[in-house]
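Okay, structure first, notes after.
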Amino acid sequence: MSSSLVQACVAVVGPSNVLVDAADKQAFEQDVWGRYCGKAALVARPSTAEEVSKIVLIAAEHGASVVPQGGNTGLVAGGIPDETGRQIVLSLSRMNRIRQVEPRGDFVIAEAGVVLADLQRAAEQVDRSFPLSLGAEGSCQVGGNIATNAGGLNVLRYGMTRGLILGLEVVLADGTIWNGLRSVRKDNTGYDLKEIFVGSEGTLGIITAASLRLLPPQRDRQTVWLAVASAEAAIDLFAAFRSHFGDLISSFELIHSNGVELAVEHLEGCRRPVSDRHLWHVLIELAWALPTGLREQTEAFLAQLFEDGICEDGTIAESETQRLNMWRIREGQSEAARKIGVVIRNDVAVSIERLPGLLHAMEKWTKAQDSDILFMPFGHVGDGNLHCNCLVSPDAVEEIEPRLLEALYDEVTKLRGSISAEHGIGRLKSNSMAKRKSEVELRLARSIKQLLDPSSILNPGVIFEAREREPAASS
Ligand SMILES: Cc1cc2nc3c(=O)[nH]c(=O)nc-3n(C[C@H](O)[C@H](O)[C@H](O)COP(=O)(O)OP(=O)(O)OC[C@H]3O[C@@H](n4cnc5c(N)ncnc54)[C@H](O)[C@@H]3O)c2cc1C
């Protein structure tokens, strides 16, 4: 690591915001599960867009590249440096101010380092809601959410992060600060440039702030747990709920019994919401802005479902404790499974009616293998998004994981789905993506990267395989 690189960064952000000691850098060099590790030249922690811009220019001058990092909860190692020890990790955590909250205009302007849960609270304080919600919301940051186009638990009703963005402030690879922090709902003045940066995983620009939509508060919420006999029955159930409740459904989650039993056995205090074992379970959340009345609507609809024999069993959460228990089973499955083995994770999408076909194909694949594989899929059924996760023993994972993921991605591609519904490509899936996207799509995507970052300063090796650094065009 060059001492002039360190000195130049110190001159911009001060000595306490340039981390060079191995112990200080460690948390920024590995992912949330400690599975992927890299090595950074240094970690820089700027507090303004101007400082971000200067660090990017310093990186370019020193032949280094920049890895933007938010809360470091990403699941595809996109915010982790490579192993060269030549990359600067640029942590946005100090850019954590909420610049403006405007309930009459229904928007908030937040810096990239604002933690998602803090943004949700700021919205609640003005009687609004910010509907993006995911298991990592206590740590992940607005910039990371935008850079990954995060999904989460309410996509069915509110869409992905993309749909919540009104404007962005971005530092480009040449150090230019683009202030696109508009808060208008309608803007058809040519290409919508902000869209390019959403889901770009730090490869096209560094997001420093965002103007985001606020939504009405949800005052009455009902959480329902139902047992069904098959994945097909769950899809029919979803269609019935959609017909009856329309957009009041914010979550519709499918869970296999293997995951439920793991959670009940290994997570302290977790209880099965219905007493008997069933093959499939569905967790549904309904909400509206009125303070009361949804309970009666929900009870009447469930009574009809049971009378028609559409569900095997079920219950409505009677208290916040019961509701949290239901969500703990849904969200704590991987944590429970990790107590006895290694979870092979994935994050795929197909159109909703094709979910049962995908589940059957993958269950058949797991049963045809010699090793013990516990099939424990769950997912956001309403979004056609599945985590076809499998639990294997630690000594089998190296051998099974690549074969399982290839089989899954082939099946998903056959069904015209996506190999990454939410988590992105990062450093882990660039090969799998390159094999499955069309030549036209890859060419267009590479052209955009070449145009915005010709010298590959921003997150090389993420989304696309890293290539030799080309000198920036002299102007
Ligand atoms: C328990 C758990 C549950 C999760 N659940 C979900 C879920 O339901 N849905 C979902 O979509 N994801 C989920 N995730 C994944 C993760 O939380 C999201 O991808 C999140 O949006 C990442 O935000 P972050 O701030 O942690 O970003 P990081 O992990 O720090 O970075 C992620 C990517 O964004 C880039 N980046 C970060 N900040 C910026 C910036 N300011 N400008 C440009 N690029 C930037 C990084 O370089 C990297 O490529 C989950 C993760 C965990 C650990």
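Among what's in region 157-210 and is under 19 Å from the mean Cα position of the chain (by Cα) and among the small types (Gly, Ala, Ser), pick the residue that is nearest to Gly70 (Cα to Cα).
Gly202
Only one of (1) surrounded by fewer than 24 Cβ atoms within 10 Å (Cβ to Cβ); (2) without any contact (Cβ under 8 Å) to a residue 40 or more places away in the chain fails for Val114. Which number is that?
(1)
I want to confirm something. Restricting to region 408-429 and keeping residues that are in a loop (DSSP other than H, G, I, E, B) and away from the ligand (no atom under 14 Å from the Cβ), which single residue is surrounded by the fewest Cβ atoms within 10 Å (Cβ to Cβ)?
Looking at residues that are in a loop (DSSP other than H, G, I, E, B) and away from the ligand (no atom under 14 Å from the Cβ), I get Arg416.
Which one of Ser420, Ser447 is closer than 30 Å to Glu61 by Cβ and out of contact with any Pro (no Cβ under 8 Å at 6 or more places or on another chain)?
Answer to the check: Ser447.
In region 170-208, how many are within 12 Å of the ligand (Cβ to nearest atom), surrounded by fewer than 24 Cβ atoms within 10 Å (Cβ to Cβ) and in a strand (DSSP E or B)?
Qualifying residue count, region 170-208: 0.
What's the total number of residues in region 1-52 that are surrounded by 20 or more Cβ atoms within 10 Å (Cβ to Cβ), farther than 18 Å from Arg86 by Cβ, modelled with pLDDT of 95 or more and out of contact with any helix residue (DSSP H, G or I) (no Cβ under 8 Å at 6 or more places or on another chain)?
So the count comes out to 2.
Of the residues Leu156, Leu248, Leu254, only one is under 21 Å from Thr315 (Cα atoms) and within 16 Å of the ligand (Cβ to nearest atom); which?
Leu254
So which of Ile88, Ile80, Ile55 ends up being part of a helix (DSSP H, G or I) and within 13 Å of the ligand (Cβ to nearest atom)?
Ile55
Looking at Ala227, Ala240, Ala287, Ala234, can you tell me which residue is buried (at least 19 other Cβ atoms within 10 Å of the Cβ), assigned to a helix (DSSP H, G or I) and in contact (Cβ under 8 Å) with a residue 60 or more places away in the chain?
Matching residue, one of Ala227, Ala240, Ala287, Ala234: Ala234.
The values are calculated or read from the model by the stated rules, or taken from the named source; none is laboratory data. Here the structure is a predicted model, which is why all the values come from computation and not from measurement. Neighbour counts run over all protein chains shown; Cβ positions are idealised from the backbone, glycine included.
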